[in-house]
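Report on the following structure.
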């Protein structure tokens with residue numbers, strides 16, 4: 001590991017993104033727009049007294065799902081371009097350590113994710129009056145961990161795609177099942193045993209669980225930290241798997 | 001001279017040579033791409049790697065920079081087996097298609113690859129100036145012409161000041177003036193002690209190299225100097241000479257294994273055995 005090479009990589013990835021104004025705008029604005037759509041979707045619901053708004057539940061989960069999906073897509077395409085353009089092969093003939101490369105990517109996209117979730121969370125709180133017990137800082141923290149998970153999975157999946165078209169196809173395979181089973185649509189304890197068992201091991205499940213902890217408690221609970229820890233461990237594990245897919249020498 | 005005798009034995013053991021291959025074989029899948037190559041390249045020289053497209057030039061270069069696993073034989077680079085991690089600090093590689101980031105500026109590209117070798121601003125500016133792109137430093141690579149992009153790619157390798165520079169078709173798409181400039185730079189680098197291996201399918205460029213490796217269908221036809229090439233091919237036009245050698249080789253093929261090309265080494269004055277070995 002060499003911190004300078006890692007930071008140089010993060011800086012390089014960010015300046016690649018900086019020249020791409022349209023992507024930056026999409027990353028920052030689209031989640032806020034979708035959140036607006038979710039808000040108005042439940043605008044006219046009639047609630048029994050004391051029942052929390054559906055927006056407070058669904059909107060909150062959306063805050064964690066956006067960075068995961070967006071960073072998965074952005075990372076897998078960026079890394080695929082790196083693989084196909086020859087820059088990756090060239091980099092791997094230099095002294096750079098594979099971990100410096102991958103963690104450089106992780107740092108760069110986590111920063112973007114932090115910005116994204118700051119915008120989306122601010123919108124949820126101030127414009128739509130998101131009403132949960134916990135502090136918004138924890139929501140942003142979970143969103144960033146989710147983004148790192150998206151980055152790690154994106155880096156890993158890019159190894160199995162030859163073209164950008166194939167890379168995009170990994171979204172329905174890797175991302176959609178996690179969204180379906182994370183508890184957003186059906187509470188996990190009401191799923192059948194098979195689906196619940198699958199749900200239990202999918203990374204996104206832990207972040208939804210963490211968000212529910214934040215929603216229910218004013219202070220950070222032990223379970224929140226446990227969920228965050230598991231998410232971080234999974235992200236690290238996937239990053240290590242991704243490092244194994246980077247080959248300095250081809251057979 | 002004792003010096004030449006010493007350098008010959010050193011060369012044979014692979015200790016003094018910049019690159020030494022012995023029975024080097026590379027297979028891609030089951031397909032053999034390089035067949036038992038034997039050669040040694042002296043340090044501080046420009047060696048041209050010539051051959052038609054598909055002859056294995058890029059595979060050989062990738063093996064030298066450690067990006068290609070070898071199937072059999074040995075390949076020693078700067079005294080170490082190719083692919084040894086410490087070689088990554090000393091070997092520069094410029095791929096055939098420019099491997100740079102199109103969405104970064106020229107400076108940002110060179111700075112990034114420089115950072116991988118802990119090089120700073122001064123080295124970056126020097127490398128960009130060396131390829132004549134000083135005035136375009138802040139331009140995005142995507143907005144450059146093909147030839148300019150090639151030069152950015154070259155600057156990304158020069159910034160590391162490698163001891164061995166491996167260049168895959170570096171002059172493709174360059175106009176004659178730039179091409180001459182670049183060859184002058186290669187010569188200056190070689191005089192300063194850098195070893196250069198330059199592939200080309202333009203025979204005219206062969207005359208600018210000190211040693212030539214002629215590759216065809218994954219076999220080493222010969223290792224010789226440009227003068228020896230024109231002599232053996234009976235033509236001062238190196239392209240004609242190369243064609244003549246290929247025809248000669250084809251005549252051998254199918255009848256008997258190709259004869260060993262015995263060439264006289266220009267610098268040591270000692271006869272060495274080079275050439276294709278089955």
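Just so it is clear, none of the values below were taken in a lab; they were calculated from the coordinates. What you see is a predicted model, and the numbers here were worked out from it, not measured in a lab. Reconstructed Cβ throughout: ideal geometry from the backbone, glycine too, with neighbour counts over all protein chains shown.
When peptides B:98-110, A:210-222 are sorted by average Cβ neighbour count within 10 Å, with the highest value leading, the order is B:98-110, A:210-222. Which distance in Å, rounded to a whole number, links the C-alpha centroids of the range B:72-129 and the range A:1-38? Using only Cα atoms, the two centres lie 27 Å from each other.
Other protein chain C-beta atoms within 10 Å of residue C-beta, averaged over B:82-93: 2. Can you give the angle from 0 to 90° between the axis of helix A:3-18 and the longest principal axis of chain A, with both taken from C-alpha atoms, to the nearest 10? Roughly 70 degrees, rounded to the nearest 10.
Shape of chain B from the C-alpha gyration tensor: prolate (a/c of 1.5 or more and a/b above b/c, with a ≥ b ≥ c the square roots of its eigenvalues). Run the numbers on chain B and let me know its relative contact order in percent, using alpha-carbon pairs under 8 Å that are six or more apart. Contact order relative to length: 22 percent. Does anyone have the angle between helix B:176-191 and the longest principal axis of chain B? Alpha-carbon axes, 0 to 90°, nearest 10? Here the helix axis deviates by roughly 70 degrees. Label point of residue A:56 set 7 angstrom out along Cα-Cβ; within the range A:170-213, amide nitrogens under 14 Å from it belong to A:212-213. The calculated 222 nm mean residue ellipticity attributable to helices in chain B amounts to -10000 deg cm²/dmol, summing -39500 (n - 2.57) over DSSP H runs of n ≥ 4 and dividing by all residues. I need the shape label for the range B:4-127. Rule: rounded when a/c is under 1.5, else prolate if a/b > b/c, else oblate, with a, b, c from the alpha carbon gyration tensor. Oblate.
For peptide B:102-114, the mean count of partner chain Cβ atoms within 10 Å of a residue's Cβ comes to 4.
In terms of surrounding Cβ atoms within a 10 Å radius of their Cβ, A:82, A:196, B:205, B:250 rank from fewest to most as B:250, A:196, B:205, A:82.
Listing B:152, A:69, B:177 from fewest to most neighbouring C-beta atoms within 10 Å gives B:177, A:69, B:152.
Quick one: Cα centre-to-centre distance for the range A:154-181 and the range A:231-251, in angstrom? So the separation of the two Cα centres works out to 16 Å.
Computed over chain A, relative contact order equals 26 percent, with contacts defined as Cα pairs under 8 Å that lie 6+ residues apart. Overall shape: prolate for the protein assembly as shown, with the ratio a/c of the largest to smallest alpha carbon gyration tensor axis at 1.5 or above and a/b above b/c. Rounded to the nearest 500, the helix-only mean residue ellipticity at 222 nm of chain A stands at -24000 deg cm²/dmol, with each DSSP H run of n ≥ 4 adding -39,500 (n - 2.57). Helix A:203-216 and the longest principal axis of the Cα set of chain A meet at an angle near 40°. When each of the peptides A:131-137, A:149-155, B:111-117 is scored by how many other beta carbons lie within 10 Å of its residues on average, the order from highest to lowest is A:149-155, B:111-117, A:131-137.
Listed by Cβ neighbour count within 10 Å, with the fewest neighbours leading, A:126, B:183 appear as A:126, B:183.
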